[in-house]
Every structure is written in structure tokens, then in C-alpha cells.
Amino acid sequence: MAAAARRSPLACLEALSLAGTLPLALCGSHSLLGQTFDRMLGFLKNPVVVTAEINLSLVALTVMGLMSRLWGLSYPRAVVFDEVYYGQFVSLYMKRIFFVDDSGPPLGHMLLALGGYLGGFDGNFLWNRIGAEYSMNVPVCSLRFLPALAGALCIPLAYQILVELHFSHCAALGAALLILLENSLITQSRFMLLESILIFFILLAVLSYLKFYNLQRHSSFSGRWCFWLLLTGVACSCAVGVKYMGLFTYMLLLAIAGLHFWHMLGDRTLSNVSLVCHFLARGLALLVIPVAMYLSFFYVHLALLYRSGPHDQIMTSAFQASLEGGLARITQGQPLEVAYGSQITLRNVLGKPMQCWLHSHTNTYPIRYENGRGSSHQQQVTCYPFKDVNNWWIVKDPGMQQLVVSNPPRPVRHGHIVQLVHGITTRYLNTHDVAAPLSPHSQEVSCYIDYNISMPAQNLWRVVKHNILHLKLFISACYLSHCSNSESLLFTFFFQWKILTLKNEDTEHKYSSSALDWITMDTNIAYWLHPTSGAQIHLLGNVCTWASANVAAVVYTCLSLWYLIRRRRKIYDIPEDAWQLWVSAGQICVGGWVVNYLPFFLMEKTLFLYHYLPALTFQILLIPIVLQHLSDHLCRSLLSKSMFSALVVAWFSSVCFAYRTFSPVTYGEPLSVAELKDLRWKDSWNILIRKQGR
Amino acid sequence: MPAAGGGRAGPGPLRQRGTRRLQGTPPASPLSPRPPAGRRAALGLVTLLSFASRFHRLPEPPHVCWDETHFGKMGSYYINRTFFFDVHPPLGKMLIGLAGYLSGYDGTFPFQKPGDRYEQHNYMGMRGFCAFLGSCLVPFAYLTVLELSKSLPAALLTAFILIFDTGCITLSQYILLDPILMFFLMGAVLSMVKCNSCADRPFSASWWLWLSLTGVNLAGAMGVKFVGLFVVLLVGLNTINDLWDLLGNLNLSLVTFGKHFLARVLCLILLPLTLYMAMFAVHFAVLNKSGPGDGFFSSAFQSQLIGNNLHNVSIPEQDGYPLSCHCDPYPGGLCRGEGIYTYLHKDLNNLWIIKKHDSDADSSSPVEFVRHGDIIRLEHKETSRNLHSHQHEAPLTRKHFQVTGYGINGTGDSNDFWRIEVVGRRAGRLIKVLRSKIRLTHVATGCILGSSGKTLPKWGWEQVEVTCTPYVKETPNSLWNFEDHINPKLPNISLDVLKPSFVEILLESHMVMIRGNSGLKPKDNEVTSKPWHWPINYQGLRFSGVNETDYRVYLLGNPVVWWLNLFTIGLYLLIAISTAVALKRGVQLTSEHKGELSRVVLCGGGQVALGWLLHYLPFFMMGRVLYFHHYFPAMLFSSMLTGITWDTLLKFFSQFLSPSTTARRVYEGGIVALILLIVYSFYLFHPLSYGMIGPMASDPSSPMAGLRWMDSWEF
């Protein structure tokens, strides 16, 4: 396949995207590019030859991957774990109802929804409980198809990455097989979850970058070079678009690209102009395009969802007015500009902890609060989270007595001084040097009642457009609920999305775990349990692979340190090009593991085992790298080499054995109590065993 | 330090640097031919100015300002030898206490709240001590920059920035930990830099002196606040880089390298560690009386404090049926009855009787011991109800189960059964008072008894909620130990047997400090200072006084200085990148330029810039409450960077002017102009540190009128 890839960059992509059918790398014996008349003639003289070069092991791996991930995809026909969460969003997409999800950007949800769309899902399913049976209208198979496909394609990607790192096809085959037989990746791929899609894009980004980098030396600025560079940027933005976790790999690739560029700077044969061109090309492909694509995901999200829904209220009023139904129903046909005499409602823009409107009612503040502080005993002004007649205010010019709208209406402008009259009680909004009920350092806001004591009304407010409501005298802000400005809509939306933090009160979850548990797999997650038969699905990794991946990481680190120190003393244990291979493989695999794992120690959100899967994928890729290095450079004699190979075969069969052992809880096959007990290899695993006699 | 600097790698550069130093001492460059006498005079001048600015109006205001209420109080605790708890390690407060003790302060002032007048109490010793350490920062920074850049103007610029920064002055004038911390921090940086410049004569006396001084200062910095960890990191990175260079030097044998390595281990790891432990030893030796900090520590530790209700008491060691015990969440939870000092008046509501799950032990039966894994009932001694849990949600933590007292006279139901387990033991072992950390598992639901740490509302007497958590996890919230233990049939032991070892105390106090630090979370809706506010001098801290009639002191950096620093960081980044690229591309430069740029900009400036990053960036990841004064260590580095950067920049550009006298004049004129700018801005803003009385700045008649350049400044 490597040979084919050198001829046509598209061939590999074809091999990936046309998975399931026979991937053909069609290459003309002569290039059609740069054709001249002479060459045309020459071309006609020669017979037309089509050579197809097929890497059968890659095809076989892809087919096996597809089988392992797609087999019996619609079983169990019930809501499994986080499907209950993502399913809601799929339904909302199907019904085109606006929503925001605070946990991540929208691309992942959109891809899941695409599956639903292709399967003809109408969105009518109540996603309320894990384990609930799907109704007939839910196309389970097509909903789960895209994640499973992405999971299956990770296998050829892993193969190609090792090939591009210049390791042997045998090592590449090993990497692909380890990914194929990793139970946790299988489980995570087979349901409507986002991790497998994320891992697919991460690996695609890494592969594209490696292809790009390998082309760099010989054919800069060629078509294939551009293609792989662009694909790196696109895959990175897709990874970030699926989950913010993709950012870690994106940063890693940026850092590696920066490092490579730094090395290029030292190359005195390159002219300054070509360096600038290289820099600009990388900047465009790795910075500008990902950002643009990331924004476009939000644009598509907004374009798809045009109906009002449950999450409207965290957005600005202007945005809400643009949705079908909801606020648009009210604001339809109302004047755009506020004039003196207009009746308005005022909503606090921030919307935290909940959205509310400026409100007043006939009740007054208590004369004394519980803690003994006094108040003005004037009419209460509050922020009320529901629509109500008491939310209506009239804008009045302080210089005029009457409230009627003059003809032509005089619009209120930025900086004008106005009075606000409460519609129902006809009292003026007022503030004065009396401590507010709960925040003693702020002033109280009330509706003024003239008690005829020496406290004059301080009821003039200055309108400052586009500012958060500051309740200071003269400095009030009103964001007018119907100044819709469609240009800034996307950006407003974007920032609102960022601001939004639905505060997670209880971060405890039955299956939540700490990042330290992941390395040793001290934790599992029960995804699904059959109500009667005892069949269950767990997120549980291949014990053997996890342990060997850890060993590989340790061996890699120790060996690297050893080599590094010895090289510093000018002792070269391995040839220079082998050392370069070793380092570049480490940059990708150890680097990928570190950036996808260590940040979790700093996070305060609820963590689950599946957060470790991207890091694990990189760690698994390291195993064959270390094995090949050991056999190439440390096993000097033929005997030790063959001993080593035998050990590797034995180890690999134990990986297969572990895969077989745990595959019942991966695929959800029914098991007896005794069998389940046998599977509980670690005390900390939570395998659900029904009590006898129930 | 970027490896690309390359100036320090390999044997060649090392020797080269040595020779350069030798030649370079008299006329290093045509622009700075100053004799060492001038440098000494300059050092004297900046030291004098520094002390004068810090000690000016030191007694004002004669009342407690800001955090003096904490650290002054803790200094008094040392003088009174009362045990207390603080989230910072003890050295800073011990030194404050020592200064107070030596200057004749008797520890009687209560330091209750900011604004309390000192009256006749002698507080000047403590303030003077802090001001002394704060004044030392300026000569330290001067010497560091001089060592890094070998340029007097750069050092002078840095020194003047620090002398005339209102923030540094204010922070040095009160009884606070920050001047002490910054003293050790700058001391560590200075000794590190000095030690680096001794690298050409390793194992000489001065080399050993500076290396061990680095270690001592590191211990000091760590001993004052955990922020000292950042400077440890800085020194650590520098040492690794150093060793790496030495390793690459093939002229050095591995034995010599081993000596280098061991010398650093000795001076930078073992020495600081010993000193750090020693200061804790002193801390625990001095504080031997019970005080406000007891409840944060485990029962075994409390038994060592004079006056604590656990001191010198004796209780049965193994638990038998029936017994009464006082259960405290381990450690630091709040049970009712904490703070009651005599044994006889202990709150009886904390006592429970342990019974077997299936039988009521009568008083005549022989003693049976409670073992790991036993199933028991806990009967509340006062009300005779059993500790009970069931599948109802707890009042505050919805996902946990409610825990109640149930039944009459000790008869309840199967929901009263609890399995008792000792952490880290196997079945059948005896359970010991105070030392066994136990876990109580509810038999029927499988949940674990724990305290959720949330305070109940008024109806629950604002005590801490107890729940039964269904998530089986190891957390300190679900560990308990037996504290009081009454059983007439068992022989009593003295708690001295349980005396924890010093290492145990040390570990425990660190656990408590770390938990205390992470517990300092901002409350909802509380306005807190954000790290990005700091370099732009966005908002200061009120040290004293709010109203017009008060004597007001406001901690705010001199805005001209701080904005210059901020601008310089960007400038430095630009210069450093262009220098690195130019060197990498092999742009034709004179070798002098090349050496100068790589040594000063990349190596010296890089070290300082790294220090700034290490002392600033970690705050973005901290969840605890942050304050403006946390930036000051980073600000020291930023000021040094400003000195180095402007000096290099002016020197570089003035060299393009043709007659060397003009070049010289432009270069010196630039430095003098910057210094004058700083002095003038200090003249404008000095009332911030030395106190303002009268109308606020918004009033045109105020002396500060027109100086409130940002709306967020509150003066």
C-alpha cells in the first residue's frame, strides 16, 4: 500500500472511505499531469495499462475491523449508557429544535444526527432512562452505524501511521491487531457515543501530518503535499468539533509542526522567501482553516435548528427573537426602536443563574430586615423569571408630563436620560443611598412612593446601550429586547456558548473515577444490563493490552533516557537514523498519550474511564514500536531474536485470550452467575451480579 | 532556558566564557567601562534609597492593616506557645514571632480585626523586620541583574523600578508573609546566578557558599508559603540544565561529574529538606499548648497538646462490647462538642454504645472485642435510638441516603446494622482506639457512613450533614476513628503510647495544609481577583481605610512601572524570537554581537522570563481564592526583565550611530530618561503607600485628583 500511496494520495483515502468494498488504487502507468503533445503521442503508442496494487493485509484488517464493530449492531435494542444523553440531541436535531449542549461543540451531535437522518428517524422517542426499550420508529442500526464505522476505520489508520513512522509492516500489523482486539474501543464504538469518532479524527490528523511531513523533503508544494497538509487541519478541526478533548492532539500537532519548522529554519540551503511561504502555508492550513471550520460547525448548527426550544432562555433576547416560535411570536410586528412612551420589558442579559425580567409589584420592602438593617419601605423591584404583566415598563421623558407617544415618535438614544414608569402601579423606578436587601454594599432599587420625608426621588436613568444592567444611579443599561442584528448573531451565539456554564451541582456518579484509576484499569463502567437474562455490557479494556501498553511506555521512557545520556557522552548505541525514528515515534505516541491524559489531573469535572481511550490508543501504538526496536537493536544474536519472536507470539496469544474472555461483556452475551464471578478479575470492578433467589 | 542559546554547552564555550570573563572585566564593551568602585557606590546608593523608602513612615498607620490581623495574631501565638493551624508552612510566622519577641512585644495584643489600634503595644519590631527584608529585595535584584547582564545601567534600571514601585513599598511595610517570602525567593535566585558565574572554578569556597546558600534560601521560601515551590522549580530546571552541560563536557570524567551531581543533591535537596523539617520540628516544639488549631488534626496528635481534653487521659485500648465511644470524622470534621476542654464536661450527645447486631450484651457477660468485619449496632447513649439508614435521599446531598436515629430503647430493625471495617486490615483483627481508621458499611443497602461536609440549615443547628453514600470509594469523609472510649471492664492505657512520630506529624500537618488550601474556594457571587487582572494593575487591595476621613493605604503598583513591565514582556518576546531566528539562520553579525545577544537576551533574559512564567502561569490553574498580592513574586522577575531588555535594546540600537560619543550619549540618555520617568511617576503616586487622608480621588480637591486612571482603582 505504501507503494500505491506514493503514486496517488487519493488511493489511501479511497481505501478508507470505500471500506467494505474492494479498495482499488488505480494508477496510470504514466502521469497525466503536465501532458504535452509529444507525450500524448507517446501515450497513444503505448498500450493503456491499469495496475492495481492492493495491500491485502490492510484490506483484511479493515474487513475484520468492520466485522468486529458492526456485528449485531442493533443489539441490545435498548438505550445504552450515554445514548440517553446524546439521543436527546439527535431527537432535537430531527425536530429542528434549538438547543445548546454545554459539554461540547456540535459536530459530534450533528454526525450522530446524520445517522438518524439517513435512517429516517423522526425524533419521537423519550430519552429518559438507560435500559429503556427502543420503540419501532427508532432506526437503532443507522444511529449506531457512524460511530461503529469510525471505530472500525481506526484500525487501518493505526496501520498506516506505523508505516509512515517508517516501522516495518509487521509492526504496523501488530498495532492494527492490538487496536482490533481492544475490548474497550469495541464497546465504545458500538453505541451512539462520540469517542470513536473523536479517535478516528485524531488518528486521521496524525496520519495526514506524517504523510505531509514525509513528502516535505522531496516534493514541497506538490499537490499531494498540499492535500495532506489541508487534511491535517481539517481533521484537527473535526476532532475539536466533536469534543473539546481533540484540542489536546491539535496542540500536540501544532507543537510538532513548530518544531519541524524550527529545524527547517536551521537549513541554510532554503531561501528566506521559501521559508516564509512554508510558514504561511502551515499557518493557513493549521490555524486559519481549523478556526474557520470550527465556526462553520456552529453556523450549520444554527442553520439546522430554527425552532424555539427549551434552551432559548440562556441566549440573548435578540437571538431568541430569530427562532421560529418562542420569543419571535411575541416580537413579531413590534416596532424596532424604542421611543419615549414605549411600553417595554427589560431582561437581564447575563441570564445567570436564570434569566429574569425587571419586575415590580405593590408589596413594599420590610421596614427592618431580619438582621436589623433598615430599608426604605418602598415598593419592591425584583428580577422575575417568568413573563408577567408586572414586567412592563413605560419609557418617559423626564422633561414632559404626559406618557403618550408623540407623533412622530422620538426614539430613545444612547446616553439619553429617561424615567421608567411601572405600567401597573405607575410608580417611577428609583434608587437611593439605602443598602440593598442582600448586598449591603449596593444601593437599593425601588419604585418610589412619596412618603413625604426628606428623601427626594432619584429616578433619572441614563440609557447605555449594550451593557449589562448596572443598577447605579444614572447608569443603567437596557438591552432592548428587539434590536435583532443578524450579522452579529453567529458571534453572539458563539460567545454565549462559551459563557454558558450550567453549574454541575453533584459531580458524583456511580461510575465516575479518578484519572489515576485509568492506568491500571481499576474501574469499569456498566453500560447496559438485560432486565432478566443477566447479559450485560461493560466498558472494560483488554487487561493484557493495557498492561503491555504501560510496560511499553515505561520501557520507552527508560530506554530514551539511557540513550540520551549515553549520546551526551558521545556513545552511540544505535545508528543515527534508528535514533531519529525512535524519537519521532515517541513524539507522536508518548506525546499523544501525555497530552490526552495528564490534563485530566487538572480538571475538576466528573471523569469517566472513557475519557482515557484517546490516550490509550496512542499508548497501544507504542507497543509494536518498542517491540520492533527491542528485536532490531537489542537482540543481537539470531538465537535471541528467535527467542524474542517466540515470546512476542506467546504474548500476542494472551492478548487474544483476554479479548475472547471479555468479549461476552463487550458484546452483551448472556452469562451465568458463575461465569460473571469468574470475570471479576479485580475487586474494584463493578460487575453486576444478581442476588440469588430474586 | 532555551537550548538554542548554546552559549553554555560543551567544553569549548565553557572555556571561552572563562576567557571572556577574564578579558572582559576591565573593558567588556566600549559602552560600559566602569570600574568596580562605581558599582559598589551604585549598590550603596540603591540600598540606601531602598531602606529609606521602606522605612519612611513605617509606624503609620498605628492600627492593624489588612492581613496583619492573621499574621500578627499568629506571631503572638508563637510568643504564647498556643497551637494554631494555618494553610502556610510555619517559617514566616515564626520569624515574625521571633522579631516581636526580640523587640519586646509580649504577645498580648489580640489582632482581632483590621483597624484595631495598637495603643501601647510594641508592633514596630515586627513591621521593621518585614520592612528590612523587603528592603533587601532591591540590592538582591540589582546584583542579580548585574550578574546576568554584566551591565550597570541595566542593574540600576531594575533597582530604580523596584525602589519606586508603590506596590512593593506597601507590601514591605506591614506584618505580612510576602516580604519574607520574596526575600528568600530573591535570595535563592541571586545565589543561583552567583553560583552559575562561579561555574568556571567548581568546588571553590565561593562556589560551595553560593550553592549552599541557594539551598538555604529554597528551604526558606518553601517554609514561608507553598508558592516557594515555583522558585524550587526554577532552580531545579537551572540545575538540570547545568548538569546536562557538564555531562556533555567530555573533558570531565564521570567521577568528576558524579561529584558535581552529589554536591547538588547535597546542597539543593538534602540541605533544604533538613532545614524544612527542622523548622517544623521547632514549630511543634514551640507550640505545645492547646489552642484554636486542635480540631484540624487527628485525635492522636491532639493528645500531645497541653490543655486539650485528650491530653494525659487514659482510655481502654481495644474496643469491647458494650462500649461507649466518641466518634469524630477523621480528621478535621466538626462534631458537636469540639472545643470543650475538660473531660468531665464533654458533650454527652456524642457518645454511642456499640452492641452486637443480634444480642444485647448484658453487663455481666465477659468482654468481647470488636473485630474487623463484625456487624454491630450503634445505640445513641442519651436517646437510646439506633444509628439507622434507609433508601431515602439525604437532606442536602440528594444522591446519598439519609441517616437517622431509629427505634426505642435500642430495639430497631435490620436497617440498624453496620459492618465495621478497619482500613487496610484483614478480618478478625482487633480495633484500637484513635489509631484504627474505620469505615462503617450499612449492611442492608451497602452504603458507607460519611459526612458530606455540607452545613445543615437552622433546623439542623448548622451542624455538618451525615449521609450514607452508595458510592463505594476511599475518601477521608467516610473514615472515622474512636476518640473517647469508656469501658469499665477494660484496662486503661495512657495516650502517650499513641504518641505519633515526628514524620507522622509532619505528613499529617501537610495533609491538613493542602486540604486547607484547596478549601479556600471563592464563595458564589464573590468578586475575586483574576490572574489576568494582575499584570495590567487592574485593581488593588485596600490595606487600610475606606472613607474620606480614614487614613487610607491602597496596595497598587506604580502604574507607569507596571505598564512598562507589561509592555517589556511583549518587547522581550519579539527580541528573543528575532534573535533566536537570526542566530539559527546564521545572519551575519559581529561575533561580539552574537555573544552579547545569546548570552544576555537568550540566557540571562531567558532565565528571568522563565522565572516570571513559573511564578505567574500556575495561578491560572488554581481553584482557590486569589488576591492581587500573589503577583508580586512574578513582578520581581518582570522588573528584572525590563532592566535587561531595555539595556540591551538601547545598547544595540545606539551602536548604529556613528561617533561613539553620540552612541554613548543616546544610550545613557535613554536609561536616565526611563529612570526619571519612574521617579516622577512615583512622586505622583506615592500617597498610595504613604497614606492618604481627605477626599477621594474623584473629588477635584483631593491630592490624588486626576490620577485615578482606571475606574477599577478604589482610592
Item to check | The one condition in (1) assigned to a helix (DSSP H, G or I); (2) at pLDDT below 95; (3) open to solvent by 10 Å² or more (accessible area, probe 1.4 Å) that A:Leu149 fails to fulfil | outcome: (2)
Checklist entry - Can you name the residue in region B:14-39 that is within 11 Å of B:Leu152 (Cβ to Cβ) and at pLDDT 50 or above and is also surrounded by the most Cβ atoms within 10 Å (Cβ to Cβ) among such residues? => result B:Arg39
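Where residues in region B:619-673 are among the charged types (D, E, K, R) and at pLDDT 85 or above, which of them is most open to solvent (accessible area, probe 1.4 Å)?
Across region B:619-673, the extreme among qualifying residues is B:Arg665.
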Checklist entry - Within region A:93-108, can you find the residues that are in contact (Cβ under 8 Å) with a residue 60 or more places away in the chain and either open to solvent by less than 30 Å² (accessible area, probe 1.4 Å) or acidic (Asp, Glu) (or both)? => result A:Tyr93, A:Phe98, A:Phe99, A:Val100, A:Asp102, A:Gly104, A:Pro105, A:Pro106, A:Leu107, A:Gly108
Checklist entry - Which residues, taken from region B:170-188, are modelled with pLDDT of 95 or more and either of a type in the set (Phe, Trp, Tyr) or open to solvent by 10 Å² or more (accessible area, probe 1.4 Å) (or both)? => result B:Phe183, B:Phe184
Checklist entry - Within region B:391-400, is there a residue that is under 22 Å from B:Leu351 (Cα atoms) and either within 14 Å of another protein chain (Cβ to nearest Cβ) or modelled with pLDDT of 75 or more (or both)? => result no
Next on the checklist: Residue pairs, Cβ under 6 Å, 6 or more apart or interchain, first in region B:671-696 and farther than 12 Å from B:Asp165 by Cα, second of a type in the set (Lys, Arg) and in a helix (DSSP H, G or I). List them.
Outcome noted: none
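Residues of region A:595-614 being outside any loop (DSSP other than H, G, I, E, B), among the aromatic types (Phe, Trp, Tyr) and within 14 Å of chain B (Cβ to nearest Cβ), which ones?
Those that are outside any loop (DSSP other than H, G, I, E, B), among the aromatic types (Phe, Trp, Tyr) and within 14 Å of chain B (Cβ to nearest Cβ): A:Phe600, A:Phe601.
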Next on the checklist: Please verify whether B:Glu382 is away from every other protein chain (no Cβ under 14 Å) and free of Cβ contacts under 8 Å to residues at least 40 places away in the same chain, treating the condition exactly as stated.
Outcome noted: yes
Next on the checklist: Please list, ordered by residue number, the helices (runs of 4 or more DSSP H) wholly in region B:236-303 having 3 or more residues that are modelled with pLDDT of 90 or more and more than 26 Å from B:Phe203 (Cβ to Cβ).
Outcome noted: B:271-286
Checklist entry - Out of region B:537-558, which residues are basic (Lys, Arg) and over 11 Å from B:Ile693 (Cα atoms)? => result B:Arg542
Checklist entry - Looking at B:Ala634, is it free of Cβ contacts under 8 Å to residues at least 12 places away in the same chain and either more than 30 Å from B:Leu589 (Cβ to Cβ) or not in a helix (DSSP H, G or I) (or both)? => result no
Next on the checklist: With the condition being modelled with pLDDT of 70 or more and closer than 16 Å to B:Asp374 by Cα, I'd like the strands (runs of 3 or more DSSP E) fully within region B:405-480 carrying at least 1 qualifying residues.
Outcome noted: B:418-422, B:438-442, B:448-455
Next on the checklist: Suppose the filter is within 14 Å of chain B (Cβ to nearest Cβ), touching a helix residue (DSSP H, G or I) at 6+ places or on another chain (Cβ under 6 Å) and assigned to a helix (DSSP H, G or I); does A:Phe644 pass it?
Outcome noted: no
Checklist outcome for this item: Picking from A:Lys211, A:Lys243, the residue that is farther than 27 Å from A:Phe167 by Cβ, in the same structural domain as A:Ala158 (by TED's automatic domain parsing) and touching a residue at least 12 places away in the same chain (Cβ under 8 Å) would be A:Lys243
Checklist entry - From the list A:Ser560, A:Ser584, which residue is more than 14 Å from chain B (Cβ to nearest Cβ), surrounded by 16 or more Cβ atoms within 10 Å (Cβ to Cβ) and not charged (D, E, K, R)? => result A:Ser584
Checklist entry - Can you find even one residue in region B:583-597 that is in contact (Cβ under 8 Å) with a residue 12 or more places away in the chain, more than 14 Å from chain A (Cβ to nearest Cβ) and surrounded by 23 or more Cβ atoms within 10 Å (Cβ to Cβ)? => result yes
Checklist entry - Residues in region A:181-192: is at least one within 18 Å of A:Thr545 (Cβ to Cβ), part of a loop (DSSP other than H, G, I, E, B) and touching a Ser or Thr at 6+ places or on another chain (Cβ under 6 Å)? => result yes
Checklist entry - Quick one: how many residues across region A:67-83 are assigned to a helix (DSSP H, G or I), under 12 Å from A:Ile537 (Cβ atoms) and more than 25 Å from the chain's Cα centre (by Cα)? => result 0
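A quick yes/no check of all residues on (1) under 20 Å from A:Tyr610 (Cβ atoms); (2) in a helix (DSSP H, G or I); (3) touching a Ser or Thr at 6+ places or on another chain (Cβ under 8 Å); (4) within 14 Å of chain B (Cβ to nearest Cβ):
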position: A:Ser196; (1), (2), (3), (4): yes, yes, yes, no
position: A:Cys226; (1), (2), (3), (4): no, yes, no, no
position: A:Leu229; (1), (2), (3), (4): no, yes, yes, no
position: A:Leu247; (1), (2), (3), (4): yes, yes, no, no
position: A:Met251; (1), (2), (3), (4): no, yes, no, no
position: A:Leu270; (1), (2), (3), (4): no, no, no, yes
Checklist outcome for this item: Selection from region A:90-108 of residues under 10 Å from A:Phe297 (Cβ atoms) and outside any loop (DSSP other than H, G, I, E, B) yields A:Leu107, A:Gly108
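The values are calculated or read from the model by the stated rules, or taken from the named source; none is laboratory data. What you see is a predicted model, and the numbers here were worked out from it, not measured in a lab. Backbone-built Cβ (ideal geometry, glycine too); neighbour counts: all protein chains shown. Note: areas computed on protein heavy atoms with side chains; ligands, DNA, RNA excluded. Shrake-Rupley method; radii C 1.70, N 1.55, O 1.52, S 1.80 Å.
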